[in-house]
Amino acid sequence: MPSPYRKANVPCLFLLSSSSCERSAFKTVGVSPGVIDGRCNTCFSTLRYSRSTDGRRMSDSKDPEKQERRNITVWPQWLAAFAVSLAPLVSGLANGWTSPYLAQLTSTAADVPLRLTDSEASWVASLLNLGRFIGAVIGAVIQEYVGRKKQLVIGGLPLALSWVFSICATSVMWLYVSRFCSGIGSGMVWLSLALYLGEIADPKIRGSLISLNVNVASVGMFLGNVMGPYLSMEMFAYVSLVPNILFMALVSLIPESPYHYVLHGDIDKAEASLKWFRREADVKAEMRELQDFVDGAETSIMMKLKAFMLPGNLKNAVIMFWLNVLVYASGYNTINAYAEIIVIKSGVEITPSLVVMILGLATIIAGASAVMVVDRFGRRCLLMISSLGVAIALGLLGLHFHILSTGIDSQILKWLPLASMLSYNIFLAYGLVPVPGALLGEMFPADLKTLASLLLGCGNALLSFISTRTFQPFLDLTGEKVVFWSYGLIVATCVPYVYYFIPETKGKSLLEIQKSVKR
């Protein structure tokens, strides 16, 4: 005799592999007219059954409150994120290298084997960003065929080579090659990092995982600023090789993104990857959503370009590009590269290297707080707060150099540059640095993510190169106050831009985001 109870619309964990749901699988915990509350004897989830008046059929639905409270296993995702984070750490070390060593290499008092002119120092600072452009192109081609994870591992090779060249450096040409290789590796790594983490993460922690890795880059920069004044360039490179090699070893052990497998038709490997990252979550339900997300994805480059030019996708690309223009107009790459030189010119009495270390530590603390709140308050809120704070800080820094140029001897000169640079680093790490990377992994459909990350990654590399390379000539032409006021004025426009154009993606699955941005 057939059971009067039919299969649950949202099955319990025990029934994920079952073809039917019988009353005998549940223990009755409550009865009211026409309704039976049951609890699964295996997974203890609560379901509510409503029975028809003829006693033959019923409808059921999982208790939404219980469903909402059901814990999702996220530690494998955090484990993968920490393994991947060693790459931003190494990239951060390369960025942190610039501030202490440029100050030493351009100083006549420092005991270093090389001496650089201002022009050569400018090229050393900017060639990393030019290498990022090449790395983004190489990485996009590679990851399309081998996947995000393997692309990350391959990106570790030029990073390791950059430290080898730094060890061998006996002339400025060695430094040029070292910085360029570092840029290639950073471009390859950052191209895939946000995409990989965005694809393996549960929506509730996706923003946190991506922000974590951006914050780890700040940790690397801080460590570079700390080690630079006390280690030779050769020893700095030896130390930096350790996390570089460790990154390549650990990331090779974690699974590939399930999206990559589904995109290439390997459903079994995709399901195995999801099970590794989710453990006891509803893998089959997510597999259906994942297949819906990549459904109809094209692998032909011409079809991808055609799809990319559709109004909705092109609009997202333009929105992201102009957001990145405003981010790089804040001068964060430039100011980090020249931090110690800026502190020296500001005339503060504290040791410049110590000030740079304090700024780096503040950046880490602010970035850590951003990791905790990005999935609570949302991307738009953090971007607007960050933009406003950075604009005010740059205005105050420009004011300091204006007061300094007038020759006024004021007490304000002792604390204003420190307060403004500290505020600048804190607000920058709170939104403008981590959030665009999270948005890049969220705003494009599965088959266009690589193309979008390539185009935007190349654009970011060129923007970073232009801002870093033009800083010294701009400074020579106009002076510090005009430079910082210009940066502040441009980044202030980011507030209305975010308000009117950036969509909120907090807590949404990738499929839900695609549906919302296409409306």
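The values are calculated or read from the model by the stated rules, or taken from the named source; none is laboratory data. Since this is a predicted model, take the numbers as computed values, not measurements. Reconstructed Cβ throughout: ideal geometry from the backbone, glycine too, with neighbour counts over all protein chains shown. In case anyone asks, the SASA skips ligands and DNA or RNA and just uses the protein heavy atoms, side chains included. Shrake-Rupley method; radii C 1.70, N 1.55, O 1.52, S 1.80 Å.
FRET efficiency for the I350 to T470 pair, using the beta carbon distance and R₀ = 25 Å, is estimated at 0.30. Computing FRET efficiency as 1/(1 + (r/R0)^6) for F82 and T478, where r is the C-beta to C-beta distance and R0 is 35 Å, gives about 0.20.
For the residue pairs K269/K306; K204/K315; K481/K506; K275/K315, alpha carbon separations beyond 32 Å are given by K481/K506; K275/K315. Applying the Kirkwood pairwise sum to the alpha-carbon positions of the stretch 469-519 produces a hydrodynamic radius of 14.0 angstrom. Here the stretch 438-519 exposes an accessible surface that is 67 percent carbon and sulfur, computed with a 1.4 Å probe and the other protein chains kept in place. Taking a Cβ cut-off of under 13 Å around G155, the surrounding Lys, Arg, Asp and Glu residues balance to a net charge of +4, with basic ones at +1 and acidic ones at -1. Restricting the calculation to Cα atoms, every distinct pair contributes to the Kirkwood radius of the stretch 372-477, found to be 16.4 Å.
Protein heavy-atom accessible surface, 1.4 Å probe, per residue over the stretch 150-302: 39 Å². Share of carbon and sulfur in the accessible area of the stretch 110-215 stands at 72%, probe radius 1.4 Å. Full extension of the segment from M303 to T117, taken as 0.36 nm per residue of separation minus the current Cα-Cα distance, would add 62.1 nm.
Our coupling estimate for the stretch 226-240, obtained by passing each phi through the Karplus curve with A = 6.51, B = -1.76, C = 1.60 and θ = phi - 60°, is 6, 6, x, x, 10, 10, 5, 4, 5, 5, 4, 5, 4, 4, 5 Hz, Gly and Pro reported as x.
Across the stretch 424-440, the residues whose backbone nitrogen lies under 17 Å from the label position 7 Å along the beta-carbon direction of S516 are 435-440.
The fraction of Cα-Cα pairs per 5 angstrom bin, counted from 0 for the stretch 313-436, comes to 2, 11, 20, 21, 18, 12, 8, 5, 2, 1, 0 percent, rounded to whole percents. Take the Cβ atoms of M173 and E234, set R0 to 22 Å, and the FRET efficiency comes out at 0.85.
A simple spin-label model places pseudo-atoms 7 Å from Cα toward Cβ; at F501 and F321 they are separated by 1.0 nm. Label-to-label distance, L314 versus I365, with points set 7 angstrom from Cα along the beta-carbon direction: 4.8 nm.
Sorting E289, E271, E349 by accessible area puts them as E349, E289, E271; the probe is 1.4 Å, largest comes first, and only protein heavy atoms count. Taking each residue as 0.36 nm, the span from H402 to D292 lengthens on full extension beyond its C-alpha to C-alpha distance by 33.8 nm.
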